[in-house]
Amino acid sequence: MAEAAIELVGINKSFGAVHANRDIHLSIPKGTIHGIIGENGAGKSTLMSILYGFYEADSGDINVNGRKVAIRTPNDAISFGIGMVHQHFMLVENFTVLENIILGAEGEALLNRSIAKARSELHRLERDYGLEVDPDAIIEELPVGLQQRVEILKALYRGADILILDEPTGVLTPAEADHLFRILRQLKDEGKTVVLITHKLREIMAVTDNVSVMRQGQMVATRKTSETTVEELAELMVGRRVLLRVEKGEAKPGEVKLSVRDLMVKDSRGVTMVEGVSFDVRAGEIVGIAGVAGNGQSELLETVSGIRKAVSGTVMLDGKPIDVSGVTDPGDLRDRGLAHVPEDRHHVGLVLPFEESENAILGYHDEPQFLRGPFLDRGKVVAAASDQIAKYDIRPPNPHLKTANFSGGNQQKIVLAREMEQDPGVLIVGQPTRGVDVGAIEFIHKRLIAMRDMGKAVLLVSVELDEIRSLSDRILVMFDGRIVGERGPDATEGELGLLMAGVDRKEAAE
Amino acid sequence: MSTPYAKLPAWADYGLIPLINLCVAFLVAGLVVLLVGENPLRAAGLMIEGAFGRGQYIGYTLYYATSFMFTGLAVAVAFHCGLFNIGGEGQAYIGGLGVAIACLTFDSIFPWWINFPLAILGAAAIGAFWAFIPAILQAKRGSHIVITTIMFNFIAASTMVYLLVDVLKPLGSMAPQTRTFLPDAHLPKLNWVIELFGGTVRSSPFNISFLLALLMAFLVWVLIWRTKLGYEIRTQGHSPKAARYAGISEAKIIIITMMISGALAGMMALNPIMGDQHRVQIDFVTGAGFVGIAVALMGRSHPAGIVPAAILFGALYQGGANLAFEMPNISRDMIVIIQGLVILFAGALEHMLRPQVQALFASFSPRSVGLPAAKTGGA
């Protein structure tokens, strides 16, 4: 094995009583792409934060290029040649690319000299790594893929030899992700070391040389990527065998439950987010809406569920119109059998400071069954919550625990349990497994299929293409506020990826 | 990792931390006393003596506390809905008009136990009305409630001056105040309660509106934590988006909450007017509306915290008067400084010492912070 670019020896880190990293040993050879996978909360980000100087380890050593170093601040990390590309970009949106790149490395009070230097350096990096980007473009006008490229350039400009990428593909289309992987390979060929943190097994298989698996704060295994399988990695991550593909029977679509025609929605700034969208969802089928985040799916969901006003268009629920352009009360829609699992469970679907039982009735709190005059019938509320907890295996099974203290997966189960238990005719689901661990994903997927098989109409929006493909009976692809194509569940990822990027193959062929 | 520190048990969260903050505030206040050239320990002794030293002093302490309870509850109810009602001062002041109307009209007709409920209704209705206007401006037009309620304090003050000088003042009187109410519009005193516990009270304004304040504290608790309306108020306060999702009308809930808040603030007027002065005078609120903000902050917007916080501020008021009397170097403004420090440490810097306390708890017993020792941190 080549010399290690990074070697971690016995790293420990606790936050109060929480042992986030325990006795981590890891060696990353120079000039390789090393993947680190693990579920949410496994300690990946903590470990990388220690490496980048956001936290200091309680004990243990860090060796960079064979030399023991102390990394106390991000500046130390940069001086040792470690660069980091964050999941949420650290860019000043209204600055140009160049201004962002010299930010923090300005050098002197007047900027003209450092800008000129940065410009020539940027040209060299472009040439060497194929990282083209217009240095004078304003960041907020660039697509997400290019913004990420600026983050990479920022790290390289500071002389990074070791590049850490934290969940880099979460915001990218499959094509953009592939492009990123090409860049990473090129960086590797130039002798750089890349650390890729992700929870997507496919990416690990596609691009890494070695992979390390974290579970509950521990490093449970390191494998050569060529010698392992997706199944093995999933099992290592979760600690038990996982069903990766959902098993489901043939859909038996019935009558049209939800019908959307020529919907147009603008956001609060007046920008058109949804335009000319029409589709039907039938009883007993799951219709998936695929698309890169920010292409109007969120607005579509909010409008159909009565939270946001439409500019024009009609939505029919069970053949009767919903007043989407006027004042719609989400409570009325609930009474009419439309349940909604919102994309943002932290701010919309749940009130985190509430105790679990209070969230178990959110939106259904004015149903007579939970009321005694003006008072909430606490006994019945807690009984309903306990019932949901039992049926959906929500852990810990305590209806009086503050909702914020549940894990992401269990919080999502609280929302799903509440919405599904009301026996709705139509279920609208946004990002059902965002930030949810693998074990809970399996459970949630099974539940959604079960709802379909009970004859419910399910509208599913997700940015996880795998999820859309494995659950949906029909797939609609949204791009720039429009539905640009409909495909069956057997559509290939490449085909959907092109649609998601706004390229219709038929159009492209013409 | 989003929350590097573990949670605290409730008693530490609601009891220990405010207590520590209070001690820090007093410590800094002691330094100020030292700067003025007086002995802070003696000053503290004088204040405690002045607040609780004699039955009569206790009566005054509880009299002030009564006013602060009403205004503190008013601020707290609005807090639960995510609204910052700074207008308690004005709502209380204009609430005095409701008391005046009830008392001046009926004091020759009904006995006190009928006049009292009528005055409660009058004070609450006018206080609620005074909060209704900023509320509807917030709900329908988005005018910020902090700005509008501050402005309504000034409008209330000007209106009351006009009414007291030009409308309510009896003919031939020189003082801008209403006539004195007849005895049937005076509230019974509660001094006998203090005497029951062995104190001797020569005279104090401590009256039964104290019991009304306690009843309101209980009703606020019932409202916020036991009713559907309270559930909706809390949902709106924690997350307006979740409230929208749950089908709760934002405009409706803002207006109702502000009217309840205004009604509670308005009831404060009962205490000085019917309980003590038996007439409406200029500026009878004397800052109680603003003290209510400190009381609500200190009491964590919970009635069980607001009652002791109001008594604490009542003691500061009464003890401060004694201090200013005994130590000429220290003026009554010293109390304002201490109040300011309490607001600063209990409100604005509430979380300053929290990490240290949490670390202390975590190191002594991980279980007490609600986490099994082996659980991992967030990614």
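Read the figures in this text as sums done on the coordinates, not as results from a lab. What you see is a predicted model, and the numbers here were worked out from it, not measured in a lab. Here Cβ is always computed from backbone atoms with ideal geometry, including for glycine, and neighbour counts include all displayed protein chains.
Using C-alpha pairs below 8 Å separated by at least 6 residues, the relative contact order for chain A is 14 percent. Per residue, chain B reaches -20500 deg cm²/dmol at 222 nm when only DSSP H runs of four or more residues are counted, each adding -39500 (n - 2.57).
Rg to Rh for the protein assembly as shown: what is it, with Cα atoms only and Rh by Kirkwood?
Numbers: Rg = 32.6 Å, Rh = 31.5 Å.
Rg/Rh for the protein assembly as shown comes to 1.04.
Cross-link reach is defined here as a Cα-Cα straight distance under 15 Å, omitting same-chain residues fewer than 8 places apart; for residue A:402 the aspartates and glutamates meeting it are A:355, A:356, A:358, B:13.
So what is the orientation-averaged projected area of the stretch B:147-298, using the convex hull of its C-alpha atoms, in nm²?
Details: hull surface 50.2 nm².
Projected area, direction-averaged: 12.5 nm².
Pairs of lysines in chain B whose Cα atoms sit within less than 30 Å of one another amount to 10, provided the residues are eight or more positions apart or on different chains. Taking label positions 7 Å along the Cα-Cβ direction at both residue B:162 and residue B:304, the computed distance is 4.6 nm, reported to one decimal.
Using a Förster distance of 30 Å, how high is the FRET efficiency between residue B:214 and residue B:108, based on the Cβ-Cβ distance and rounded to 0.05?
Details: r = 30 Å, r/R0 = 1.01.
Here the calculated transfer efficiency is 0.50.
Indicate the gyration tensor shape class of the stretch A:268-327 (rounded, prolate or oblate), computed on the Cα atoms with a ≥ b ≥ c the square roots of the eigenvalues: a/c under 1.5 is rounded; otherwise a/b larger than b/c is prolate and the rest oblate. In terms of gyration-tensor shape, oblate.
Shape analysis of the stretch A:191-262 yields a ratio of the Cα radius of gyration to the Kirkwood radius, Rg/Rh, of 1.23. Counted over all Cα-Cα pairs of chain A, pairs farther apart than 29 Å make up 57 percent. Per-residue mean of foreign Cβ neighbours for B:316-326 is 0 (Cβ atoms of other chains, 10 Å radius).
I'd like the FRET efficiency for residue A:56 and residue B:364, computed as 1/(1 + (r/R0)^6) with the beta carbon distance as r and R0 of 22 Å, rounded to 0.05.
E between residue A:56 and residue B:364, to the nearest 0.05, is 0.45.
In summary, the convex hull built on the alpha carbon positions of the stretch A:4-238 has an orientation-averaged projected area of 12.8 nm². A Förster distance of 56 Å, applied to the separation of the beta-carbon atoms of residue A:247 and residue A:267, puts the FRET efficiency at 0.90.
For a quick check: sort B:114, B:233 by the number of other beta carbons within 10 angstrom, fewest at the front.
On the way: B:114 13, B:233 27.
Ranking B:114, B:233 by Cβ neighbours within 10 Å, fewest first, gives B:114, B:233.
Taking Cα centroids, how far is the stretch B:280-315 from the stretch B:125-189 in Å? The distance from the Cα centre of the stretch B:280-315 to that of the stretch B:125-189 comes to 19 Å. Here the spin labels are modelled as points 7 Å beyond Cα on the Cα-Cβ line, and at residue A:390 and residue A:25 they lie 4.8 nm apart.
Multiply the residue separation of residue B:13 and residue B:197 by 0.36 nm, subtract the distance between their alpha-carbon atoms, and state the gained length in nm to one decimal.
Working: separation 184, 0.36 × 184 = 66.24 nm, distance 3.24 nm.
Taking residue B:13 through residue B:197 to full extension adds about 63.0 nm, to one decimal.
With both labels modelled 7 Å from their Cα along Cα-to-Cβ, the residue A:141 to residue A:92 distance reads 1.8 nm.
Relative contact order of chain B: 35 percent, from C-alpha pairs under 8 Å at least 6 residues apart in sequence. The aspartates and glutamates within cross-link reach of residue A:309, meaning a Cα-to-Cα straight distance under 12 Å and a gap of 8 or more places when in the same chain, are A:267, A:299, A:323, A:329.
Take the residue pairs A:13/A:446; A:44/A:154; A:257/A:391; A:44/A:380; A:30/A:413 and return only those whose Cα atoms are more than 31 Å apart.
Working: A:13/A:446 36 Å; A:44/A:154 23 Å; A:257/A:391 26 Å; A:44/A:380 41 Å; A:30/A:413 43 Å.
Where the Cα-Cα span goes over 31 Å, the pairs concerned are A:13/A:446; A:44/A:380; A:30/A:413.
Helical content alone sets the calculated 222 nm signal of chain A at -9500 deg cm²/dmol, taking -39,500 (n - 2.57) per DSSP H segment of four or more residues and averaging over every residue. Each of A:34, B:302, B:144 was scored by other Cβ atoms within 10 Å of its Cβ. Listed from fewest to most, they are B:144, B:302, A:34. Ordering B:209, B:239 by the number of other Cβ atoms within 10 Å of each residue's own Cβ, fewest first, gives B:239, B:209.
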